[in-house]
Amino acid sequence: MKDQWQVSYATTRGPVSVLGLNSAWLCCERPDGDTDRGALRVEPAVLEKLAKSLPSDTLRIALLHHPLDWLEETTRSAVNDLLIEHTDLVLFGHVHANDAVGLVKGNTNSLFLQAPPLRAGWSKGTNGYAIIRADVDYKRFEVEYRSYSKSRRVFVPGEDFSPSGRMYPRPEDAEFFRDSPPRSALLRRFSEADPVDFLDWYRTHIRSKSKVTGSFVVPKVKRITAAEEGPTVSLSQPLTQIVGHSGRDQFFIAPLDAGSTTAAYLAFKHLSETFLSHRRVPAYFDAEQETINRASILRKISQTTPIRYSHKEAEQLATDGAVVVVVDGLCLGDVHQFNLFRDTADRYLPDVQFVYFLSTERRGVSPTGTGEPRLFPGDDEVYEFAQLEVDDIRSMIAMRIPDKAENVREGVVSHVVECFRQMDEPIFASTVAVVIDTITQDPEFKPLNKARLIERYVECLLGRFDLEDVREGTFSSSDKINFLGFVARQLLETNRVGMDEHRWNELISNYQKRFLIELPNGLLAEFLEKGLLTMERGEITFRGDHLFSFFVAQQMKRDADFAASLVEGPGLFRHYREITVYGELEGTNVGKVLDGVFIELSEIETTLLENYSRIGVDLTEEWAAACKEAEASAASKSLDEAATGLGKANPTIERADQHDNADLAQIARRRGVAERQGVKEAEAKLLVGMRLYGLLLKNALHLEAADKLRHLTKLYEAAELWVGFMSAGREAIGRHPIVIAGGVRFINLGAVIDPEKSYKDFKFNAPNTISRLIAGTMSNPQLAIAVRNLIHDLNPMSQLFARDILLEMPGDYNKDAYLASLATEEDINLVTCALRTLRIRYLSAGRDQERRNYLESIVDSIAKDRRIGERVDFSKLRKARLVQDLRSKAVKPSR
């Protein structure tokens, strides 16, 4: 008995129990003509003891090698009865036959199944095997046979064993599996289906349809996790590296206009294409269009999977956890809607994985619901969309204009980057696509200022270049721009940054009455979806300050009295953003505005000089005092370092990308409109006035020469005074990362790393900082002749500012003026400032061959300057750069 326990066993694992019986323990060689049939034995007492140990609520399976008719007659009947009473499925084989045997025995419907031979070539029968699918709860069985095809050398449906290779032992089995197909069969249908036509799927199921799906770029996302000190954000990764690599629900958060619907489509497409790695059938649900309940979700699973499943099959996939649903159209601002979906999913579809694409604002209405959305970065996988970098922009351009040469595409990259420098649009794939369309609609379109760029950008967003826009009777893009200007003016005149939906409807009514025009329905939804408006704290507002300022400026151009009310008096500093854009619009009398700024800056300069004089500080001498604090040897060493750094500089596309990424990251791209407040401190007014002055001068091309030179001189004077103000606070500004002085916040990252070095370099950083600001506001080649005419009459520091402007304008005359000014510069500290700026500009020119050649010619000429050439061997450094260039080109990956 002890030996027999060793050859039989019973075990239970979860919902399945297995009873193993050794029917071969009496097998042996027998006299000629005798076989084991009728001579084998399974001990009934052992079987009964083991069988009774099996839980009755499990699927009980008995395994033995031989059919029961090979057992000896004295025990065969008892074994048969015990198996019928205590098991649901009995599996055996041994006999090689052309057909499979499946018998249902007893009142318990116990199934006795003989397996086909896997290898019968040496005997008889067909090679094959069987897959038994069982429902544990209902004890239903489906047998799928596979037989080996010698000609095809693969296993095919086993029609030799059963019609169509499938057998249902009982009628109830057939009915059950016909209504509830098994997971493996449903998944195999997906994996063996024909390739998916994703364009057709996209046109059928996606609400917001782009014209060109082939140019979609996979967005990057950053994981948000909760920590004790607050939320932390990881490095960005492509969306497709995240989706499909987790069994948990995932939440991707983005502004409404960031292209989240496109991202949802790309996630769905990726899940479809990588099905074999995660084994879940992808489906799509648009919560904005559909009712949120179990039936609706299951219906959309059935309708949106790449291959069609019946409703019953979709329900089976959901029950088995074999489906992943991409959810679009939910909004964190609508707490009720979001929590309803999560509650429905958790309660009725607990085994389904959901991939959510959530907007941060809701189309057309204020947020609803109380409480907080059920979203916890500590427990849920939460991601936010990351803004694109230069290389991502390059990829989009390559897909949208693939027929252009690489140097042409690199020029477009630089153009797009410059556009995002001029406006604080968020750099998402959706906005980049519009900018690319904006500048490629007309190859000659090169906006010199923000107003012209935003105007073309807004026109492109509103369909200015579609044929439908010019159809008679259409509320066209220009009509929409006029209406948005009216909205912006109402906000400004009431000193508000947003309005609720009720106020929005009142504005529409007032506009229709005032202009006797009928506005189309759905304007708010269109403006929100296209990113002209947004929802902030339940109020409708403009998506960004630059858009608000643009639409106000449009009203200023239409109404001179309205413009005067903003330009004159305290409004100059309160509404400097709007005045800047106003000055950039064609037809504006910029000269009159410049005269007002001239007067204001003169008064501010007088106020500052008097205020600091009272405390014994002469702002005109402070920078010189800062320079004297360092020994002469230190100044000489700084010049050596600046010259060596310039000589080593090697402008490449990668360096240019790094420079531009850093520049773009510094631009605040906040959503909504900031409250317009007056500027109180004279120092802050000076800074605001200089920026406004420079931007207005950039577009004041038709001023008389005397006026133009007068305004340029005033701008440089104000900049020198600003350097004096910074120098007066050098002890704090030079050694601390963040300092607020005169109503201005100074951020000095160098002080975080090395406060003492930061303090020593202050005499260079102070003039270079304001010089960079001025150069950034005046980068119009048409101003070059005025700068060249003025440069030699300026003070030494003002000449530094003028030289830095000329660096931005390639041309032989500009190069000659730059070099002539630098050759006469006697202050070693200002020479160091010039070389530092030149190195930065040179390194950032890697994508623009014309600009690189221009700056390189200046570097080569400077190398001949005895004061600099004696310090550094430029020829040796140039050879090193050439060798590095050759190496880089040899291993350069294809873009």
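The values are calculated or read from the model by the stated rules, or taken from the named source; none is laboratory data. Source: prediction; values computed, not measured. All Cβ positions, glycine included, derive from the backbone under ideal geometry; neighbour counts span all protein chains shown. Each accessible area value is taken on the protein alone, full model and side chains, heavy atoms only, with ligands, DNA and RNA left out. Shrake-Rupley method; radii C 1.70, N 1.55, O 1.52, S 1.80 Å.
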* To do: Take the range 570-621 and flag every residue that is assigned to a loop (DSSP other than H, G, I, E, B) and either buried (at least 18 other Cβ atoms within 10 Å of the Cβ) or at pLDDT 90 or above (or both).
  => His575, Leu585, Thr588, Ile615, Gly616, Val617, Asp618, Leu619, Thr620, Glu621
* Asked: Among the residues of the range 523-569, which ones are farther than 30 Å from Leu332 by Cα, at pLDDT 90 or above and not in a helix (DSSP H, G or I)?
  -> Asp559
* **Total residues in the range 622-644, condition under 17 Å from Ile733 (Cα atoms) and open to solvent by 90 Å² or more (accessible area, probe 1.4 Å)** => 1
* Looking for whichever is under 22 Å from Gly569 (Cα atoms), β-branched (Val, Ile, Thr) and over 33 Å from the mean Cα position of the chain (by Cα) here; the options are Thr607, Thr644, Thr620. Which one fits? => Thr607
* So which residues in the range 325-349 are closer than 14 Å to Gln289 by Cβ and part of a helix (DSSP H, G or I), if there are any at all? -> Gln337, Phe341
* Sort out which residues of the range 680-730 are polar (S, T, N, Q) and closer than 18 Å to Pro767 by Cβ, and write them in order of number. => Thr713, Ser727
* To do: Take the range 401-424 and flag every residue that is open to solvent by 20 Å² or more (accessible area, probe 1.4 Å) and under 18 Å from the mean Cα position of the chain (by Cα).
  => Asp424
* Asked: Could we say that Gln387 is surrounded by 16 or more Cβ atoms within 10 Å (Cβ to Cβ), at pLDDT 90 or above and not aliphatic (A, V, I, L, M) here?
  -> no
* To do: Determine whether the range 746-759 contains at least one residue that is of a type in the set (Lys, Arg) and more than 21 Å from Asn589 (Cα to Cα).
  => yes
* Can you find a residue in the range 647-656 that is surrounded by fewer than 16 Cβ atoms within 10 Å (Cβ to Cβ), closer than 25 Å to Arg421 by Cβ and in contact (Cβ under 8 Å) with a residue 12 or more places away in the chain? -> yes
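Taking the range 332-342 only, how many residues are in contact (Cβ under 8 Å) with a residue 40 or more places away in the chain and crowded, with 20+ Cβ neighbours inside 10 Å?
The qualifying residues number 3.
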* Asked: Is it true that Thr87 is within 60 Å of the chain's Cα centre (by Cα), surrounded by 15 or more Cβ atoms within 10 Å (Cβ to Cβ) and at pLDDT 85 or above?
  -> yes
* State which residue is surrounded by the most Cβ atoms within 10 Å (Cβ to Cβ) when the search covers only the range 786-832 and only residues that are touching a Ser or Thr at 6+ places or on another chain (Cβ under 7 Å) and among the charged types (D, E, K, R). => Arg803
* Asked: Does the range 677-695 include one or more residues that are among the basic types (Lys, Arg), buried (at least 22 other Cβ atoms within 10 Å of the Cβ) and in contact with a helix residue (DSSP H, G or I) (Cβ under 7 Å, 6 or more places away or on another chain)?
  -> yes
* Residues of the range 756-785 being of a type in the set (Ser, Thr, Tyr) and in contact with a Ser or Thr (Cβ under 8 Å, 6 or more places away or on another chain), which ones? -> Ser771
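Could you list, in sequence order, the residues of the range 48-72 that are more than 20 Å from Gln114 (Cα to Cα) and part of a helix (DSSP H, G or I)? So that I can check it myself, show each step before the final result.
Filtering the range 48-72 for residues more than 20 Å from Gln114 (Cα to Cα) gives 48-58.
Across the range 48-72, the qualifying residues are Glu48, Lys49, Leu50, Ala51, Lys52.
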* For the range 212-242, name all the residues that are among the polar types (S, T, N, Q), open to solvent by 50 Å² or more (accessible area, probe 1.4 Å) and over 27 Å from Thr534 (Cα atoms). => Gln241
* **Selection from the range 243-256 of residues that are over 12 Å from the mean Cα position of the chain (by Cα) and open to solvent by 10 Å² or more (accessible area, probe 1.4 Å)** => Gly244, His245, Ser246, Gly247, Arg248, Asp249, Leu256
* Scan the range 299-314 for residues that are in contact (Cβ under 8 Å) with a residue 60 or more places away in the chain and either under 21 Å from Gly247 (Cβ atoms) or crowded, with 19+ Cβ neighbours inside 10 Å (or both) and jot them down. => Thr304, Thr305, Pro306, Tyr309, Glu313
* Asked: Got at least one residue in the range 833-846 being closer than 20 Å to Ala643 by Cβ, of a type in the set (A, V, I, L, M) and open to solvent by 10 Å² or more (accessible area, probe 1.4 Å)?
  -> yes
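For every residue, the table says whether it meets (1) among the basic types (Lys, Arg); (2) surrounded by 13 or more Cβ atoms within 10 Å (Cβ to Cβ); (3) within 30 Å of Lys269 (Cβ to Cβ).
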{"residue": "Tyr129", "(1), (2), (3)": "no, yes, no"}
{"residue": "Arg133", "(1), (2), (3)": "yes, yes, no"}
{"residue": "Val136", "(1), (2), (3)": "no, yes, no"}
{"residue": "Arg146", "(1), (2), (3)": "yes, yes, no"}
{"residue": "Phe155", "(1), (2), (3)": "no, yes, no"}
{"residue": "Phe161", "(1), (2), (3)": "no, yes, no"}
{"residue": "Glu175", "(1), (2), (3)": "no, no, no"}
{"residue": "Leu187", "(1), (2), (3)": "no, yes, yes"}
* Asked: In the range 724-739, is there at least one residue being more than 29 Å from His575 (Cβ to Cβ), crowded, with 19+ Cβ neighbours inside 10 Å and either without any contact (Cβ under 8 Å) to a residue 40 or more places away in the chain or hydrophobic (A, V, I, L, M, F, W, C) (or both)?
  -> yes
* Structure fact -> When Phe198 is run through (1) buried (at least 19 other Cβ atoms within 10 Å of the Cβ); (2) modelled with pLDDT of 80 or more; (3) of a type in the set (Phe, Trp, Tyr), the failure sits at (1)
* Structure fact -> Here the residues within the range 827-853 that are assigned to a loop (DSSP other than H, G, I, E, B) and at pLDDT 90 or above are Asp827
